[in-house]
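The values are calculated or read from the model by the stated rules, or taken from the named source; none is laboratory data. Here the structure is a predicted model, which means the values were calculated and not measured. Here the Cβ positions follow ideal geometry from the backbone for every residue, glycine too, while neighbour counts run over all protein chains shown.
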């Protein structure tokens, strides 16, 4: 008899333990507790943080999804995430509930790799996924600047492919300061070193033309000096045509 009672008690204790364990490991489990705290964390491992907790909180207030003071059972974490992801500065938003009656929010900001100031008057960044993002207030990313005849479609395809290549090759990424797109879509590059303009031509051939430029730098400019030419023209196949400085 005592053995049966002990088995029943053990089973009850196990059920109670499992109940607490499920509640603990399921942070999105609804309870009737009131949300007393909200923790906002902005995450970006590759550049400076330009989003702030205050800005995120402002978005939530405007969208009417601030959970503070509301019952946990009435809080829809998906609605919070949806509201936050409406901002083009936000790459991803994660929201979950904790058993102690708080809401935790993780915001992953977008990572700009190119800034565009077009001749049409547009000013924006292109991120590492090729998406347009606005210029955050009081923030300037150290990325190449593209100016001139640039549509958003051109920025998201041709320019993005080019700058993504530069970004994967640190020596080029550090060397190119500005990209200028002419009306005929030929591209000029302004390098950080040397007082010259590089006429790259159409971006469809940028890899081949950068190879020519690298060889020209190594074989010629390292010997003649970096300021001998005003223009280095890479447009022509298997040729580098230079204009001497007057």
Please verify whether the stretch 89-96 includes one or more residues that are under 26 Å from residue 132 (Cα atoms), part of a loop (DSSP other than H, G, I, E, B) and under 21 Å from the mean Cα position of the chain (by Cα).
yes
If you go through the stretch 150-166 one residue at a time, do you hit one that is modelled with pLDDT of 90 or more, more than 20 Å from residue 127 (Cα to Cα), in contact with a strand residue (DSSP E or B) (Cβ under 8 Å, 6 or more places away or on another chain) and not assigned by TED's automatic domain parsing to the domain that holds residue 48?
no
Between a residue in the stretch 88-102 that is in the same structural domain as residue 134 (by TED's automatic domain parsing) and any residue that is outside any loop (DSSP other than H, G, I, E, B) and surrounded by fewer than 19 Cβ atoms within 10 Å (Cβ to Cβ), which pairs come within a Cβ distance under 6 Å, given they are 6 or more apart or on different chains?
none
List, please: which pairs have Cβ atoms under 6 Å, are six or more places apart or on different chains, and start with a residue in the stretch 24-41 that is over 11 Å from residue 101 (Cβ atoms) and end with one that is surrounded by 14 or more Cβ atoms within 10 Å (Cβ to Cβ) and modelled with pLDDT under 50?
none
What tally of residues in the stretch 213-232 results from selecting those that are within 23 Å of residue 163 (Cβ to Cβ) and surrounded by 19 or more Cβ atoms within 10 Å (Cβ to Cβ)?
2
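So which of 41, 81 ends up being surrounded by 14 or more Cβ atoms within 10 Å (Cβ to Cβ), within 29 Å of residue 164 (Cα to Cα) and not assigned by TED's automatic domain parsing to the domain that holds residue 160? Working first, answer last.
Numbers: 41 fails: surrounded by 14 or more Cβ atoms within 10 Å (Cβ to Cβ).
Only one candidate passes the filter, namely 81.
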Hey, residue 137 farther than 30 Å from residue 35 by Cα, touching a helix residue (DSSP H, G or I) at 6+ places or on another chain (Cβ under 7 Å) and either in contact (Cβ under 8 Å) with a residue 40 or more places away in the chain or outside any helix (DSSP H, G or I) (or both) or not
no
Limited to the stretch 190-212, what total is found for residues that are surrounded by 16 or more Cβ atoms within 10 Å (Cβ to Cβ) and under 18 Å from residue 171 (Cβ atoms)?
10
Going through the stretch 174-185 one residue at a time, which ones are outside any strand (DSSP E or B), in contact with a helix residue (DSSP H, G or I) (Cβ under 9 Å, 6 or more places away or on another chain) and more than 24 Å from residue 224 (Cα to Cα)?
185
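Considering 50, 124, which residue is within 25 Å of residue 186 (Cα to Cα) and either touching a strand residue (DSSP E or B) at 6+ places or on another chain (Cβ under 8 Å) or in a helix (DSSP H, G or I) (or both)? Give the derivation first.
Numbers: 50 fails: within 25 Å of residue 186 (Cα to Cα).
The conditions single out 124.
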